[in-house]
1. Using each residue's phi in the stretch 78-89, evaluate 6.51 cos²θ - 1.76 cosθ + 1.60 at θ = phi - 60° and report the 3J(HN,Hα) Karplus result to the nearest Hz, with x for Gly and Pro.
2. Can you tell me what percent of all Cα-Cα pairs in the stretch 52-143 are more than 18 Å apart?
3. Dipole size in debye (nearest 20) for the chain around its Cα centre, Lys and Arg Cβ +1, Asp and Glu Cβ -1?
4. Which FRET efficiency value, to the nearest 0.05, do you get for residue 318 and residue 167 by plugging their Cβ-Cβ distance into 1/(1 + (r/R0)^6) with R0 = 25 Å?
5. Which chymotrypsin sites (Phe, Trp or Tyr not before Pro) does the stretch 181-271 hold that lie in a coil by DSSP with at most 14 other beta carbons within 10 Å?
6. Can you give me the long-range amide H partners of residue 76? Hydrogens built in the peptide plane at 1.01 Å from N, cutoff under 5 Å, separation of 5 or more residues or another chain.
7. Using the basic label-point model (7 angstrom from Cα toward the beta carbon), what is the residue 67 to residue 176 distance in nanometres?
8. Which is farthest toward the positive dipole end of the stretch 147-325 among 292, 261, 314, measuring Cα position about the Cα centre, with Cβ charges +1 (Lys, Arg) and -1 (Asp, Glu)?
Amino acid sequence: MSAPSDPTPDKADPVVTRHSAWIPLVVTGLIIGAAFIAVYVGLQRSPTPDNLPIAAVGGQLTATAQANLGEAADVRQVATLDQGADLVRHGDAVGVMAVTSPSALRFEYAGASGLSESGAARQLVGGLAHKAGLAVEESDIVPLTKYDSRGLSAFYVVFGVTLSSFVLAQGLSGVVASVRLRHRLYAMAGFAVVIGVVAAAIAGPIYGSLTPSFPELALSLMLLSAASAFSTAALGAWLGPAGIGLAVLVLTTIGNATSGAAIGVDLLPGWAQFISGKLPPGAAVRAISDFGYFDGSHAGVAITVLVVWFVVGLALVLLRQRTFRRPAKKPPEREISTAA
């Protein structure tokens, strides 16, 4: 009697497709793509000023501006043109206006606030002057550097650092079985230092597109990378693939779109203004702008936001590892009776 034949070893078993493996990936990709287009294109449709900070010299001009500009501008009264100019140079106002003669209105503004914000302020003041029959005398007292004439360098640098840090964290989340946790943490921390230095060197001393000192710019970008990478790692550790998708949506898409670099914060809708400075990209843009043009007046707040994202992300990653490794409680051992 012949023995039963063995299965042919050189024929591999056919692959059985599990639809639950690919359908969530497709759905996640569609959601991210649609959200990216909706947010970026939606914010570009018709940006309008909302409480744009403008200083005005004297009570009469302030009252007239408030009555005519309404909610488009947050008009703040100052005693002198110099006092208003100080607000502009410290980033507390986009511009200051003053009636300097019976036929002239002087407007000093910060081009470094961004072309969208300074342009909106100039348009509002120009309309107000035209209505009063005054000629406008303009002066840009905080201009953009000549190597960043459109004011978009901060957007591209911040986007690049955020994206590369996310890609690193996403890649490391896929090798948890072969790379120990501490080595993954070292990789993200080391990457943050290197990308911060490299990006700061390119955009700062080499190209001259961003004006903060090299240490200030490098620090801001290092913290941005750490905040992005460790937050992505935390979301991935706790939520799995859904967490990675959420990181793309919140950090890369919404965070960069509402950062205030491409469209001024005061021209964003209310919901975008609310979250702008609370997300890492928006905080980084503020730190770079404040360090570069406004004497670092409000940079401390932005740096604090970045540090919080980094520290909370790291803490959540460590907490997840501790929770995952917690040994199960052993049931109490029964005493064995030795009685005969």
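1. 10, 7, 9, 5, 5, 5, x, 5, 4, 4, 5, 5
2. Value for the stretch 52-143: 33 percent of Cα pairs lie more than 18 Å apart.
3. In debye, rounded to 20, the chain gives about 1360.
4. Working: r = 22 Å, r/R0 = 0.89.
Working from the Cβ atoms, E equals 0.65.
5. Numbers: sites: 186, 191, 207, 230, 238, 271; in loops: 207.
When the chymotrypsin sites (Phe, Trp or Tyr not before Pro) of the stretch 181-271 are filtered for loop state and at most 14 Cβ neighbours within 10 Å, 207 remain.
6. For residue 76, the qualifying residues are 54, 55, 56.
7. Label at residue 67, label at residue 176, 6.4 nm between them.
8. 314
We did not get these values from a lab; they are worked out from the coordinates using the rules stated. Since we're looking at a predicted model, the values are computed, not measured. Neighbour counts run over all protein chains shown; Cβ positions are idealised from the backbone, glycine included.
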